[in-house]
Amino acid sequence: MAESLWEWTPYRVEIYLAAEGCPELSAADAVRLASDLQSRLEYRLGASWESRVSAISEEAGRRLLPDLPALPPDDLPTEWRRLKTADKIVVVSLGTADDGLCVAARQWDVRAERWGPLARTAVPHESAVPEAVLSAVLASHVPLAAVQILEDGGVRLHQRGVALAAPQDRAEREERTPVYHVLARYEDRDGNARAVLTLPWTLLLPQARDDGAGIPCEVISGVRNPLTARRRGRVELLAWGQRPPGGETVLKLTSRDERKKPLADYDVFAKTPAEETLRWLGRTDWDGRLSVTDREGTPLMLAIKHGSRLVAKLPLVPGIVSEAAVALPDDDPRLEAEAALRGIQDELVDLVIQRTVLLAKVRARVAEEKWDEAADLLDQVRRLKSREVFSSEIMQLQQRIYCPEPTARQQVDKMFNEVRRLVNQYLDPSEFEKLVQQVSSRRRSPSSG
């Protein structure tokens, strides 16, 4: 659907009311409640919603009541996955609680194939039920927007039905939705969803209010070109709005190979969009975990380091999910190789210094025609570790380091190849052999003077 139509297209919302769990309400009360909710929605939202309130079907009620679980799409009634049915389906359940009544609501988005959060409200007395039902329905609503990628690389969001909403409702919508996740909806020829995937580690942050041309957004992502990557088939980019509740999210780092090895001792840094510099949050424990907490649910850009190497940069909104699993290349082999090769390089530097000094002395003795002293110095050079021994040790070390990750293996191989290059360059035997030949020949036939 073209972005310009989204603002002028109302949500088609089916609201299913289930009052069976509330014996205080008679069948006639439930009918009046449905009619009252319809009127309240029309008054509150105007033309931005085309809603219809009815009783929940027996099949849907059997699957969803009384707890309104976030069932997977395949467990829902078939028509709930067809856009011709509705844009949004809201299930409202009335039940009893210890201190009165309870109203719960949860919204299913047909296009995004996602459940929104569960909205639950306690009702102290029956007279407050109609307002509580309206509040639960509105609280369960998750805005959906079309993503427009501009020629200059900017991004704007076009909210569904926003041009039809009252100014107050429009302002409340934007205020309630500071973060958007990006979804890619893959459709078949009939417009039905083949799959709806969340773009990994990608967030859209509104930068200003809707000025009539959409909401300008900043893209923060741990993925290169997340919105412009080529996708095959019919694909629609959508923005799924969320208001972060704030709280804690446990970051769990594992290797991305089949072992799923916990990545311990990785340092995690963070900054908000308004901050310039990173601050250290902590280090992952033996199980690769670290708790990231923010009471306001402020979006963070995380930087994950192993030693001095930056491994990943990822956005995270603490509190939206209880745990965020991150699969990364296992950097331990690189660190192991780096430490071992540092020792070899230090030894190589010491050896090159000794060798350079000894060869300089040999050349001096040759110039003075002190052939026996030159020969003794060459023997000292000969007893130093040779290029061949160094190369053999490097090869054995490389074979001992297990590195299943292809990218990390390339990095490790590059490090070993660089050390080999240094060994070949600084332990070149050609000068030594030339001096040996020169001293040997002159000792056999010394100059007469």
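The values are calculated or read from the model by the stated rules, or taken from the named source; none is laboratory data. What you see is a predicted model; the values in this text were computed from it and never measured. Every residue, glycine among them, receives a Cβ derived from its backbone with ideal geometry; neighbour counts consider all protein chains shown.
So here's what we get for this one:
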read-out: Qualifying position, being modelled with pLDDT of 90 or more and either out of contact with any Gly (no Cβ under 9 Å at 6 or more places or on another chain) or closer than 21 Å to A132 by Cβ (or both), among S51, S4, S26; value: S51
read-out: Elements of type strands (runs of 3 or more DSSP E) contained in region 39-133, each with 2 or more residues being without any contact (Cβ under 8 Å) to a residue 60 or more places away in the chain, more than 21 Å from A145 (Cα to Cα) and not assigned by TED's automatic domain parsing to the domain that holds R185; value: 49-55, 100-109, 119-123
read-out: L205 vs. criteria assigned to a loop (DSSP other than H, G, I, E, B) and either touching a residue at least 60 places away in the same chain (Cβ under 8 Å) or assigned by TED's automatic domain parsing to the domain that holds R81 (or both); value: no
read-out: Test: T249 is surrounded by fewer than 15 Cβ atoms within 10 Å (Cβ to Cβ) and among the β-branched types (V, I, T); value: no
read-out: Any strands (runs of 3 or more DSSP E) falling wholly within region 278-334 and containing at least 1 residues that are in contact (Cβ under 8 Å) with a residue 60 or more places away in the chain; value: 300-306, 309-316, 323-328
read-out: Region 364-382: number of residues that are acidic (D, E), without any contact (Cβ under 8 Å) to a residue 60 or more places away in the chain and part of a helix (DSSP H, G or I); value: 3
read-out: All positions within region 266-277 that are touching a residue at least 40 places away in the same chain (Cβ under 8 Å) and surrounded by fewer than 14 Cβ atoms within 10 Å (Cβ to Cβ); value: none
read-out: Any hit, region 182-201, residues being closer than 16 Å to Q242 by Cα, modelled with pLDDT under 85 and among the acidic types (D, E); value: no
read-out: In region 367-382, residue surrounded by the most Cβ atoms within 10 Å (Cβ to Cβ) [restricted to those that are touching a Lys or Arg at 6+ places or on another chain (Cβ under 8 Å) and among the hydrophobic types (A, V, I, L, M, F, W, C)]; value: A374
read-out: Tally, over region 21-38, of residues that are in contact (Cβ under 8 Å) with a residue 40 or more places away in the chain and surrounded by 15 or more Cβ atoms within 10 Å (Cβ to Cβ); value: 6
read-out: Tally, over region 197-246, of residues that are among the small types (G, A, S), surrounded by 18 or more Cβ atoms within 10 Å (Cβ to Cβ) and within 17 Å of E7 (Cβ to Cβ); value: 3
read-out: Odd one out for S255, checked against (1) surrounded by fewer than 16 Cβ atoms within 10 Å (Cβ to Cβ); (2) in contact (Cβ under 8 Å) with a residue 40 or more places away in the chain; value: (1)
read-out: Residue within region 394-403 that is farther than 30 Å from A312 by Cβ and among the aliphatic types (A, V, I, L, M) present; value: yes
read-out: Members of region 271-329 found to be over 17 Å from the mean Cα position of the chain (by Cα), among the basic types (K, R) and within 15 Å of L251 (Cα to Cα), listed by number; value: R283
read-out: Identity of the residue in region 106-128, more than 22 Å from W49 (Cα to Cα) and of a type in the set (S, T, N, Q), that ends up modelled with the highest pLDDT; value: T121
read-out: Failed item, numbered, when V357 is tested on (1) assigned to a helix (DSSP H, G or I); (2) surrounded by 15 or more Cβ atoms within 10 Å (Cβ to Cβ); value: (2)
read-out: Among (1) over 27 Å from K261 (Cα atoms); (2) surrounded by fewer than 11 Cβ atoms within 10 Å (Cβ to Cβ); (3) of a type outside the set (D, E), the one test that K385 misses; value: (2)
read-out: Region 379-399: number of residues that are in contact with a helix residue (DSSP H, G or I) (Cβ under 9 Å, 6 or more places away or on another chain) and either at positive phi or not polar (S, T, N, Q) (or both); value: 10
read-out: Region 433-445 - residue that is modelled with pLDDT of 80 or more and touching a helix residue (DSSP H, G or I) at 6+ places or on another chain (Cβ under 6 Å) and, of those, surrounded by the fewest Cβ atoms within 10 Å (Cβ to Cβ); value: V436
